[in-house]
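**Q** Take a look at the following structure, please.
The values are calculated or read from the model by the stated rules, or taken from the named source; none is laboratory data. Remember, predicted model here, so these are calculated numbers, not experimental data. Neighbour counts run over all protein chains shown; Cβ positions are idealised from the backbone, glycine included. The protein model used for the area step is the full one, side chains on, heavy atoms only, and it has no ligands, DNA or RNA in it. Shrake-Rupley method; radii C 1.70, N 1.55, O 1.52, S 1.80 Å.
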Amino acid sequence: MTCEEFRIHLGAYVDRELGLEPTLAALGHVAECAGCQDLAERERQFRRLLRRQPQESPPLDFRARIGRRVRRSAQVAALRRWLVAPGLAAVAAGLLAAVVLSGGRQSPPLLNQLVETHIAYAQIEQPAEFASTDRLEVKEWLWQRARLRVTVADYSPSGIRLVGARIAVANERKAAYLLYEKGYTLLSVFMVPASGLDTELTGARVSYRGQDYLTREWKGYRTVTWTDRGAVFGLVSMLDYEALLECADRLRLERASQAWL
């Protein structure tokens, strides 16, 4: 078994769901490959972390969330009636961005905008503009729609499911917005082009596996942000910081491995 084959079967190997022959091949490989042995152990640790996260059961504020969704659905329905008139589509899109991101005030700091966007779309039954669990489809859609090159990290072996993507607006610039779910917990991953923008980030500096990240809580949500080669990355969720830092590290490593970067 090669390293590439082992990574393909990593989830099943850690879950002990491989057949006898593949299991023996995987055991033989990790006995000789320190890198894959470390990868398997990190996967086990990550899954132990995720088991401590919110499970797939309705949260305590379920009734309140349903009420907010009903109100949000009514607002979306009203907006859709507006969109029937083609000439008003651009105006409506601008108004929606203004309401969601700034609440009618002057544009807030970048991190606040990302959290506000996460909160707004967490209330919608189908938050993804382009719904897909296929990473390549999501990557291609973002490129075709907004000419945004992104890395779509694969968290599925650890129980985090890709939902899809949106085109967000941050600092008056198009940004890629990837949506994942862990049970009923939404994980938002943002990539904002940093060129020419005020992208000053604030938070507590944390070093995780040799990389510096900024962590901050705002409006009850945890965030992890960092900059990398002309882009700002932000993760927003109610998952704990250790899980978010692991997700950030995976995204950073996958991005570094992309040939076009």
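**Q** Scan LEU235, LEU239 and give me the residue that is crowded, with 18+ Cβ neighbours inside 10 Å, in a loop (DSSP other than H, G, I, E, B) and among the aliphatic types (A, V, I, L, M). Working first, answer last.
**A** Values: LEU235 fails: in a loop (DSSP other than H, G, I, E, B).
Exactly one residue qualifies, and that residue is LEU239.
**Q** Turning to a different aspect of this structure: Which residue out of VAL206, VAL189 is crowded, with 17+ Cβ neighbours inside 10 Å, modelled with pLDDT of 90 or more and either not small (Gly, Ala, Ser) or not in a loop (DSSP other than H, G, I, E, B) (or both)? Spell out the reasoning first.
**A** Details: VAL206 fails: crowded, with 17+ Cβ neighbours inside 10 Å.
Just a single option satisfies the conditions, and that option is VAL189.
**Q** Taking ARG252 and the conditions (1) outside any strand (DSSP E or B); (2) in contact with a Leu (Cβ under 9 Å, 6 or more places away or on another chain); (3) closer than 30 Å to HIS9 by Cα, which numbered condition does it fall short on, given that it satisfies the others?
**A** (2)
**Q** Still on this structure: For the stretch 123-140, name all the residues that are buried (at least 17 other Cβ atoms within 10 Å of the Cβ) and closer than 16 Å to GLU254 by Cβ.
**A** Once the filter is applied, which keeps residues that are buried (at least 17 other Cβ atoms within 10 Å of the Cβ) and closer than 16 Å to GLU254 by Cβ, the stretch 123-140 yields ARG135, VAL138, LYS139.
**Q** While we're here: Name every residue in the stretch 134-167 that is in contact with a helix residue (DSSP H, G or I) (Cβ under 8 Å, 6 or more places away or on another chain) and part of a loop (DSSP other than H, G, I, E, B), in order of residue number.
**A** At the first step, the residues of the stretch 134-167 found to be in contact with a helix residue (DSSP H, G or I) (Cβ under 8 Å, 6 or more places away or on another chain) are 148-160, 162, 164-167.
LEU148, ARG149, VAL150, THR151, VAL152, ALA153, ASP154, TYR155, GLY159, ILE160 - these are the residues of the stretch 134-167 that are in contact with a helix residue (DSSP H, G or I) (Cβ under 8 Å, 6 or more places away or on another chain) and part of a loop (DSSP other than H, G, I, E, B).
**Q** From GLU200, GLU246, which residue is modelled with pLDDT of 90 or more and among the acidic types (Asp, Glu)? First the steps, then the outcome.
**A** Numbers: GLU200 fails: modelled with pLDDT of 90 or more.
Matching residue, one of GLU200, GLU246: GLU246.
**Q** When you scan the stretch 1-18, how many residues do you find that are of a type outside the set (A, V, I, L, M, F, W, C), more than 14 Å from GLN37 (Cα to Cα) and open to solvent by less than 40 Å² (accessible area, probe 1.4 Å)?
**A** Narrowing the stretch 1-18 to residues of a type outside the set (A, V, I, L, M, F, W, C): 2, 4-5, 7, 9, 11, 13, 15-17.
Among the residues that remain, those that are also more than 14 Å from GLN37 (Cα to Cα) are: 15-17.
This time we only want the ones that are open to solvent by less than 40 Å² (accessible area, probe 1.4 Å), so: none.
The number of residues fulfilling the criteria is 0.
**Q** Which of the residues belonging to the stretch 28-42 are of a type in the set (A, V, I, L, M, F, W, C) and either touching a Leu at 6+ places or on another chain (Cβ under 7 Å) or assigned to a helix (DSSP H, G or I) (or both)?
**A** Here is the first cut: in the stretch 28-42, the residues of a type in the set (A, V, I, L, M, F, W, C) are 30-31, 33-34, 36, 39-40.
VAL30, ALA31, ALA34, CYS36, LEU39, ALA40, listed by residue number.
**Q** Search the stretch 123-146 for residues that are under 12 Å from TYR177 (Cα atoms) and pair each with any residue that is of a type in the set (D, E, K, R) and crowded, with 16+ Cβ neighbours inside 10 Å when their beta-carbon atoms are under 7 Å apart and the residues are at least 6 apart or on different chains.
**A** Going by the 7 Å Cβ cut-off, the qualifying pairs are ALA128/ARG166; GLU129/ARG166; ALA146/LYS174.
**Q** Check the stretch 173-182 and report whether any residue there is more than 15 Å from GLU116 (Cα to Cα), part of a strand (DSSP E or B), in contact with a strand residue (DSSP E or B) (Cβ under 7 Å, 6 or more places away or on another chain) and modelled with pLDDT under 90.
**A** yes
**Q** Regarding ALA256, is this residue surrounded by fewer than 15 Cβ atoms within 10 Å (Cβ to Cβ), in contact with a Ser or Thr (Cβ under 6 Å, 6 or more places away or on another chain) and of a type outside the set (Ser, Thr, Tyr)?
**A** no
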